[in-house]
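Take a look at the structure set out below.
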Amino acid sequence: MRKTTDPCEVVAVGWSRQGVRLPFTDRAEAGRLLAEQVVPLRLADPLVLALPRGGVPVAREIASRLDAPLDVLVTRKIGCPSQPELGVGAIAEGGEPVFDTDLMRRVGLTWEDLEETVRRERTELARRVAAYRGDRALPRLKGRDVVVVDDGLATGGTARAALAAVRAGEPRRVVLAVPVGAAQTVKALAGDADEIVVLAAPWTFRAVGQWYVRFDQLSDDDVQRLL
């Protein structure tokens, strides 16, 4: 692997700095490298929750190293009605929608403008929960150390919604673990988790996929197979 020419602030447990080679070969490799930083946390009764779809192959490697259960925490982005790719919020199963109120104000959106979008995303979220978990409930969170895993952080909207939903389950400790994330986003999420483990936090960040050699789109079948 080549070393990126992009200046990188590398953040690991306790905000320490270390060298990391980018891009990652694939999500599995990123997961193995990330697991090296998660294992020393000495987690109690750990549970690894992946944000599907891309977070699942990363989380699988961490769960294997921890010998911990692996499951998914389904999230959905809430897009601007006129520009769906612009995320103004997100929702996670078991939680309420989390909105970027500053962005909503800048683009002139009200809560009423988003009612239909939220309803539609709730429906899709329920469909995906049924596809991935069937009738099985989300595992118990109370009193456990929960590791929330994704393949990267761009704006951090879905991660924020996921962390809020996990907090509502009264875990003992919440860890957010990602291979790479925009430096501004990592800093903005500092108060949402007890610890953030991230291998690289570049200041110049266009998309998560730019930090992987192979960044294949995953299907629901892929997620089910990995689980």
Original post:
With ARG119, ARG76, ARG128 as the choices, which residue is basic (Lys, Arg) and buried (at least 20 other Cβ atoms within 10 Å of the Cβ)?
Top reply: ARG76
Original post:
What number of residues within the stretch 55-100 satisfy the criterion of being outside any helix (DSSP H, G or I), free of Cβ contacts under 8 Å to residues at least 40 places away in the same chain, in contact with a Lys or Arg (Cβ under 9 Å, 6 or more places away or on another chain) and assigned by TED's automatic domain parsing to the domain that holds ASP222?
Top reply: 0
Subject >> Residue check for ALA193: outside the structural domain of GLU85 (by TED's automatic domain parsing), crowded, with 17+ Cβ neighbours inside 10 Å, under 21 Å from VAL20 (Cβ atoms) and of a type in the set (Gly, Ala, Ser) >> reply: yes
**OP:** Any residue in the stretch 166-181 that's at negative phi: show its pairings with residues that are small (Gly, Ala, Ser) and assigned to a strand (DSSP E or B) at Cβ separation under 7 Å, as long as the two are six or more apart or on different chains.
**Re:** VAL180/ALA200; GLY181/ALA201
Subject >> Subset of the stretch 188-198 [at pLDDT 95 or above and out of contact with any Gly (no Cβ under 9 Å at 6 or more places or on another chain)] >> reply: ALA193, ASP194, VAL197
**OP:** Could you grab the pairs with beta carbons closer than 6 Å, sequence gap of 6+ or different chains, first residue in the stretch 135-163 and on the phi > 0 side of the Ramachandran plot and surrounded by fewer than 19 Cβ atoms within 10 Å (Cβ to Cβ), second one small (Gly, Ala, Ser) and outside any loop (DSSP other than H, G, I, E, B)?
**Re:** none
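The values are calculated or read from the model by the stated rules, or taken from the named source; none is laboratory data. Owing to the predicted nature of the structure, the values given are computational and were not obtained by experimental measurement. Virtual Cβ from ideal backbone geometry, glycine too; neighbours counted across all protein chains shown.
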